[in-house]
There are 2 protein chains.
Amino acid sequence: MAAMGGGKEGAGGGMAAQAGRLGVVASVAFNLAALALYLRRRYFGDDDAGGRRKGEAAEVAPSSGKPPVTKDSIINLDHGDPTMYEAFWRGGAGERATIVIPGWQTMSYFSDVGSLCWFLEPGFEREVRRLHRLVGNAVADGYHVLVGTGSTQLFQAALYAFSPPGPAAPMSVVSPAPYYSSYPAVTDFLKSGLYRWAGDAKMFDGETYVELVCSPNNPDGGIREAVLKSGAGVAVHDLAYYWPQYTPITKAAAHDIMLFTVSKCTGHAGTRLGWALVKDRAVAQRMSKFIELNTIGVSKDSQLRGAKILKAITDGYERPPTAGAGAGDDDSSRLFHFARRQMVSRWAKLRAAVAASGIFTLPDELPGHCTFANETVSAYPPFAWLRCDKEGVDDLEGYLRERKIITRGGGKFGADGRVVRISMLDTDEAFAIFVDRLAAMK
Amino acid sequence: MAAMGGGKEGAGGGMAAQAGRLGVVASVAFNLAALALYLRRRYFGDDDAGGRRKGEAAEVAPSSGKPPVTKDSIINLDHGDPTMYEAFWRGGAGERATIVIPGWQTMSYFSDVGSLCWFLEPGFEREVRRLHRLVGNAVADGYHVLVGTGSTQLFQAALYAFSPPGPAAPMSVVSPAPYYSSYPAVTDFLKSGLYRWAGDAKMFDGETYVELVCSPNNPDGGIREAVLKSGAGVAVHDLAYYWPQYTPITKAAAHDIMLFTVSKCTGHAGTRLGWALVKDRAVAQRMSKFIELNTIGVSKDSQLRGAKILKAITDGYERPPTAGAGAGDDDSSRLFHFARRQMVSRWAKLRAAVAASGIFTLPDELPGHCTFANETVSAYPPFAWLRCDKEGVDDLEGYLRERKIITRGGGKFGADGRVVRISMLDTDEAFAIFVDRLAAMK
């Protein structure tokens with residue numbers, strides 16, 4: 001059984017070595033590697049195969065993400081791993097989102113051979129449209145729906161769709177700093193001749209470009225519009241976080257290309273499922289072609305599950321509140337209410353910890369009228385964009401790492417090293433330890 | 001509800017327009033487009049939204065692939081859509097492959113944060129290793145297991161892993177003609193500066209390269225070894241079809257990189273799940289990095305389902321045969337026996353049709369001793385590589401298309417137009433109509 005552990009010695013050397021290739025991801029890799037080594041020693045000792053030496057035919061439990069934390073753990077808030085949502089799905093709504101797939105189902109490559117996006121499950125498309133009608137965050141009528149392996153794949157599909165044919169110079173890809181750290185890494189990792197990362201949109205002065213407009217913005221939560229206005233350029237709107245738990249829904253977005261992901265809406269990151277609303281037919285066709293060439297479509301199992309999950313959310317809002325519970329208290333069927341309550345509570349704790357510490361600052365709260373909640377509410381972004389004003393702390397990511405808090409440093413977002421991005425979507429336990437530690441830093 | 005049909009007007013214009021971009025896929029796109037338009041008219045009439053006007057909250061049935069065929073249908077054998085296997089999974093084994101996923105399960109990005117391939121479900125890895133031990137087609141002990149969104153993604157990951165760092169010229173990617181038509185298309189669609197398609201390996205005279213060795217070969221079923229031997233080059237073995245239903249298992253393959261896919265082993269193409277066995281740790285790390293950047297991992301739902309499906313196969317061979325049934329007849333739990341029986345029967349029908357027609361030829365049968373079946377058996381490849389000797393038929397793909405049979409022409413495989421690739425894995429109904437039509441061509 002020694003070979004069972006062949007791939008299990010920890011991600012240390014590998015991800016770190018790999019990171020040399022793309023400087024921009026180096027530190028992310030390092031963080032993960034450090035965490036991996038630490039966890040391995042802590043939980044598995046020197047026994048590589050760990051607890052996996054059961055009888056061969058036994059079931060292996062599905063993974064549950066990062067191991068549980070303790071008061072002395074490394075707390076990894078680098079990725080926006082949305083495990084906060086698990087508590088919701090363990091409640092009543094979760095049962096209604098359970099999926100059963102018989103062995104013979106959805107075996108074909110094709111979902112709808114006559115459709116522009118021939119690998120899109122009709123049931124998933126239907127629930128996407130229903131959810132947008134419920135929330136009012138985007139216009140879906142008149143748009144093509146595309147499915148992707150997460151919105152990361154759809155982002156690449158959009159770059160492919162807008163790149164000039166023939167031997168033209170690569171299309172410039174830009175976004176105003178601070179921008180999502182994956183944009184440069186994913187744009188450039190294959191050194192494509194079709195497109196290349198050209199940095200901060202505010203510094204760009206070309207005529208043709210793709211501007212990535214992330215709103216609310218990852219990492220800082222800002223509400224954004226395209227900053228470039230050339231007629232030859234195009235904007236791709238990454239609306240992964242434009243959901244009522246994170247920000248007031250002020251209008252139904254109606255941009256040419258809008259990207260969404262199940263991960264940040266419902267918390268199902270492991271399902272790797274995103275969708276795009278695309279106005280122009282030819283653009284939608286080219287995006288679909290990218291996904292055909294890259295992965296010959298998208299997991300139908302994820303699409304069936306995604307459909308069931310979105311359906312549970314929309315149904316939850318069409319269901320009368322549980323008898324006896326006050327209308328405002330029964331969030332067991334209402335995902336956005338559950339998640340907003342969590343975000344409100346976490347941001348209050350974080351702001352209290354920042355005040356107690358005295359060495360940090362956070363962006364101001366942005367209030368607005370939410371058409372979904374039908375009241376004025378504040379934004380509670382999925383990431384905290386934390387700045388440190390203390391003398392001598394030029395590398396805040398390193399400073400926090402020494403204190404066993406893994407974050408993502410400003411440099412990867414086109415910002416300076418005195419700022420970091422911190423996920424607000426981890427488990428209650430990890431978040432509680434994080435704010436305790438933060439409050440104690442003076 | 002008009003908008004529900006926004007993306008549904010048929011793939012005609014779009015895929016055809018798109019095809020201009022990459023000449024190599026043009027005809028594939030055209031075939032699909034022609035089929036789509038035909039099917040749309042046939043099954044949906046002019047009503048774009050088709051049968052989808054049910055109440056909003058109703059369940060939408062999962063897709064079932066291409067619509068059923070009739071005697072006058074277009075028969076699409078272009079893709080290797082493995083719907084032949086559905087009959088097996090509707091039997092007893094299928095029930096044991098049913099998967100149930102509760103709403104709260106596998107929400108995290110991470111499967112095993114301490115693993116080199118941190119998005120690989122341990123249960124899937126375990127069943128991959130079990131299956132290789134059962135079949136004996138590849139050595140898995142001492143290898144790293146990686147998971148991909150189909151083997152297409154793992155193929156790209158391998159190209160990424162072997163590309164030189166820094167500003168070196170792109171790595172040449174080659175394969176002996178006839179080669180799988182996706183190799184050039186997928187290698188070149190992003191015009192990567194890391195690698196580029198360099199054509200037929202037999203014509204290549206450089207020193208550094210990646211040679212793709214597909215064995216049994218797609219499209220012609222040939223058993224292959226690497227043809228290039230330079231010390232600076234590397235071989236990637238695509239063993240998608242190295243399973244007992246298609247070819248005698250003559251030895252356990254032990255190459256540096258071996259790619260497999262659930263699609264062609266079990267028939268679950270829609271699950272989009274492949275795996276790689278990789279000897280070298282650094283290569284495995286770079287491949288894993290590609291998948292991290294491309295899609296941030298692989299659908300956990302697909303992995304959970306894949307684990308269950310592979311488990312059902314291996315368990316089926318460990319289970320005593322049903323009482324009363326002859327040992328050779330009870331294939332309801334034995335996937336490879338079921339599929340081999342199907343392949344034997346289909347190849348016999350195809351060879352009879354070719355003999356009846358008189359204008360076609362097929363590759364010779366290749367017999368060998370199969371260590372899995374423990375007897376000498378012939379190869380029954382998943383594709384028929386059909387040649388036409390008739391005067392004036394220089395474009396066999398076009399000739400068959402006029403007779404409503406969609407195939408993939410030799411030009412896309414680096415061969416001539418008198419030959420086509422035909423999927424042997426479609427439904428019984430489609431296959432029967434196909435051989436009837438073929439026999440009648442004189």
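Just so it is clear, none of the values below were taken in a lab; they were calculated from the coordinates. Given the structure is predicted, the values throughout are model-derived calculations rather than measurements. Ideal geometry is used to build each Cβ from the backbone, glycine not excepted, and the neighbour counts take in all protein chains shown.
Side notes on the structure shown:
- For the stretch B:96-315, the antiparallel share of DSSP beta bridges with both residues in that region comes to about 40%.
- Each other residue within a Cβ distance under 10 Å of residue B:257 adds +1 if Lys or Arg and -1 if Asp or Glu, for a net charge of -2.
- Taken over the stretch B:68-142, the convex hull of the Cα atoms encloses 202 Å³ per residue.
- Over the stretch A:316-442, Cα pairs under 8 Å with separation of 6+ residues give a relative contact order of 24 percent.
- Counting, for every residue in A:190-198, the Cβ atoms of other protein chains within 10 Å of its Cβ and taking the mean gives 5.
- With Cα atoms as the point set, the radius of gyration and Dmax of the stretch B:266-395 evaluate to 20.5, 57 Å.
- With K and R counted +1 and D and E -1, the other residues having a Cβ less than 11 Å from that of residue B:299 yield a net charge of +3.
- For a straight C-alpha distance cut-off of 23 angstrom, the lysines reachable from residue A:251 (same-chain residues fewer than eight places away being disregarded) are A:229, A:264, A:279, A:311.
- Where the alpha-carbon atoms of the stretch B:96-315 are placed on the principal axes, they occupy 53, 40, 29 Å, in descending order.
- Modelled spin-label separation between residue B:371 and residue A:403, with each label point placed 7 Å from Cα along the Cα-to-Cβ direction: 5.8 nm.
- On the principal axes of its alpha-carbon atoms, the stretch A:97-216 has extents of 52, 34, 27 Å, going from largest to smallest.
- Mean separation of Cα pairs under 8 Å and 6 or more residues apart, divided by the residue count, gives the stretch A:197-250 a relative contact order of 36 percent.
- Remark: for residue pairs A:191/A:300; B:66/B:289; B:202/B:300, the C-alpha separation exceeds 32 Å in B:66/B:289; B:202/B:300.
- Shown for residue B:100: label points 7 Å from Cα along the beta-carbon vector, and their distances to the equivalent points in the other copies, 0.8 nm in ascending order.
- A straight line joining the Cα centroids of the stretch A:391-442 and the stretch A:155-231 runs 27 Å.
- Percent of Cα-Cα distances greater than 19 Å, calculated over the stretch A:367-442: 44 percent
- Neighbour counts of C-beta atoms inside 10 Å place A:104, A:347 in the sequence A:347, A:104, starting with the fewest.
- Every pair of different Cα atoms in the stretch A:171-273 enters the Kirkwood calculation, which places the hydrodynamic radius at 14.4 Å.
- Shielding of B:260-270 by partner chains, average beta-carbon count, 10 Å: 4
- Packing-based exposure ordering (other Cβ within 10 Å, fewest first) of A:89, B:118: B:118, A:89
- Listed from fewest to most Cβ neighbours within 10 Å, the set A:213, A:278 follows the order A:213, A:278.
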